[in-house]
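Single-structure report; data block below.
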Amino acid sequence: KNEVEQSPQNLTAQEGEFITINCSYSVGISALHWLQQHPGGGIVSLFMLSSGKKKHGRLIATINIQEKHSSLHITASHPRDSAVYICAVIPYMDSNYQLIWGAGTKLIIKP
Amino acid sequence: DGGITQSPKYLFRKEGQNVTLSCEQNLNHDAMYWYRQDPGQGLRLIYYSQIVNDFQKGDIAEGYSVSREKKESFPLTVTSAQKNPTAFYLCASSIPGQGIRRMNNSPLHFGNGTRLTVT
């Protein structure tokens with residue numbers, strides 16, 4: 001069983017829809033990343049969070065440490081949001097603070 | 001603008017040949033990382049370096065080698081010993097720190113990747 005599970009694996013939606021991508025993990029963590037991988041392959045860090053909620057523009061990330069679960073929401077989705085969204089966690093007891101990565105959620109927003 | 005440059009974007013090699021992937025950063029970051037990405041899988045760490053002239057093996061180091069002679073550069077060599085080298089390779093950098101607080105203000109910065117095809 002993977003230590004970081006994302007759902008869904010693939011998501012296709014219409015422009016304007018509210019999008020939710022989920023990330024569940026099985027280890028104690030010190031922080032969680034959400035990242036975006038563009039179709040060309042480059043990866044951009046969107047959020048790092050260890051508690052509560054963060055918002056940047058139309059993106060909102062939440063985390064529930066007790067339930068070992070995080071969600072990434074996109075409001076008023078747009079075709080330019082089409083990308084792979086990746087969740088990664090830092091295990092709490094990992095002295096090297098190396099990330100454990102989810103396999104990603106491929107999002108396609110149709111106009 | 002500061003960033004990470006990986007070159008080339010696409011690389012083709014014959015089986016049995018060593019190949020070196022370039023990664024250069026001008027962010028003044030101490031830590032650099034090499035990841036491998038395969039379809040349907042999460043990123044896997046190959047090697048990382050927290051400081052010049054020092055590096056450690058990641059989860060899948062077999063068949064790979066690195067060097068860190070300069071802070072700005074962390075080249076990855078895919079050797080002929082790597083059984084399945086065809087993949088997408090990503091380089092990243094960050095500011096390392098002490099303790100858990102590191103991650104509160106030091107995200108990973110990635111290059112655009114190199115897609116290696118070995119036939």
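The values are calculated or read from the model by the stated rules, or taken from the named source; none is laboratory data. Keep in mind the model is a prediction, meaning the values are calculated, not measured. Neighbour counts are summed over all protein chains in view; Cβ atoms, including those assigned to glycine, are modelled from backbone coordinates with ideal geometry. Accessible surface is based on the protein model in full, side chains and every heavy atom, while ligands, DNA and RNA are left aside. Shrake-Rupley method; radii C 1.70, N 1.55, O 1.52, S 1.80 Å.
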Taking A:SER24 as the residue in question, decide whether it is of a type in the set (Gly, Ala, Ser) and touching a His at 6+ places or on another chain (Cβ under 6 Å).
yes
In the range A:13-41, anything surrounded by 17 or more Cβ atoms within 10 Å (Cβ to Cβ), among the small types (Gly, Ala, Ser) and under 22 Å from B:LEU90 (Cβ atoms) is listed as A:ALA31, A:GLY41
Residues of the range A:5-53 classified as of a type in the set (A, V, I, L, M, F, W, C) and closer than 30 Å to B:SER7 by Cα, total
8
Considering only residues of the range A:52-111 that are away from chain B (no Cβ under 14 Å), touching a helix residue (DSSP H, G or I) at 6+ places or on another chain (Cβ under 8 Å) and open to solvent by less than 40 Å² (accessible area, probe 1.4 Å), which is farthest from A:GLY40 (Cα to Cα)?
A:ILE74
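Rundown of residues vs (1) of a type in the set (Asp, Glu); (2) out of contact with any His (no Cβ under 6 Å at 6 or more places or on another chain); (3) farther than 20 Å from A:TRP101 by Cα, yes/no style:
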{"position": "B:PRO8", "(1), (2), (3)": "no, yes, yes"}
{"position": "B:MET32", "(1), (2), (3)": "no, yes, no"}
{"position": "B:ILE46", "(1), (2), (3)": "no, yes, no"}
{"position": "B:PHE55", "(1), (2), (3)": "no, yes, yes"}
{"position": "B:GLU69", "(1), (2), (3)": "yes, yes, yes"}
Residue under question is A:SER45, and the condition is that it be within 22 Å of B:TYR89 (Cα to Cα), open to solvent by 10 Å² or more (accessible area, probe 1.4 Å) and either out of contact with any helix residue (DSSP H, G or I) (no Cβ under 7 Å at 6 or more places or on another chain) or of a type in the set (Phe, Trp, Tyr) (or both); does it hold?
yes
Tell me which residues, restricted to the range A:14-48, are assigned to a strand (DSSP E or B), modelled with pLDDT under 90 and more than 9 Å from chain B (Cβ to nearest Cβ).
A:ILE29
Which condition number does B:GLN6 fail, the rest of (1) touching an Asp or Glu at 6+ places or on another chain (Cβ under 9 Å); (2) modelled with pLDDT under 95; (3) within 14 Å of chain A (Cβ to nearest Cβ) being met?
(2)
Check A:ALA103 against each of (1) over 30 Å from B:TYR47 (Cβ atoms); (2) assigned to a loop (DSSP other than H, G, I, E, B); (3) touching a residue at least 24 places away in the same chain (Cβ under 8 Å) and name the one condition it does not meet.
(1)
Can you tell me which residue among B:ARG68, B:ARG115, B:ARG36 is open to solvent by less than 70 Å² (accessible area, probe 1.4 Å), charged (D, E, K, R) and in a strand (DSSP E or B)?
B:ARG36
Criterion violated by A:HIS73 - all others in (1) more than 10 Å from the chain's Cα centre (by Cα); (2) in a strand (DSSP E or B) satisfied:
(1)
